[in-house]
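The numbers here are math on the coordinates, done by the rules we state, and not lab data. Being a predicted model, the structure only gives us computed values, none of them experimental. Because the Cβ atoms are built from the backbone with ideal geometry, glycine has one as well, and the counts that use them run over all protein chains shown.
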Amino acid sequence: MTVTLKLDSHRERRLADLAAASGEDVQTLLQRWLVRELDQPRPLLDASEPLAKAIDASGLDDAHYLALLTRMQAESRQAAR
């Protein structure tokens with residue numbers, strides 16, 4: 001994938017300096033940063049946000065939602081045996 005970045009001259013200089021200090025070219029530095037960021041697990045709150053929105057939209061109150069989760073957990077455990 002090719003990406004084009006538009007940075008002001010100050011940030012471009014800082015990026016070049018960081019790359020030089022790490023013994024890498026800018027492309028390698030950016031690739032390493034992106035891979036590290038993308039390989040990190042998403043925080044649970046971020047990952048669960050779409051589910052939370054769907055539950056809110058469903059109209060289930062907390063008691064019904066908890067009952068549903070408890071039933072699904074029991075069914076999952078039973079199926080695993």
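Observations
- Dipole of the chain computed with +1 at Lys/Arg Cβ and -1 at Asp/Glu Cβ about the Cα centre; of S22, S48, A80, farthest Cα towards the positive end is A80.
- Among (1) 1.95; (2) 1.10; (3) 2.07, the entry that matches Cα Rg over 2.2 N^0.38 Å as calculated here: (1)
- Cα→Cβ-extended label distance, 7 Å offset, between H10 and V26, nm: 1.7 nm
- For A52 and A79, a Förster radius of 22 Å and the Cβ-Cβ distance give a FRET efficiency of 0.30, rounded to the nearest 0.05.
- Dipole check for the chain: with +1 at the C-beta of Lys and Arg, -1 at the C-beta of Asp and Glu, and the Cα centre as origin, the magnitude is about 200 Debye.
- 3J(HN,Hα) from dihedral phi, the stretch 57-74, Karplus parametrisation 6.51/-1.76/1.60, rounded to Hz, x for glycine, proline: 5, 6, x, 5, 7, 4, 5, 5, 5, 4, 4, 4, 4, 4, 5, 5, 5, 4
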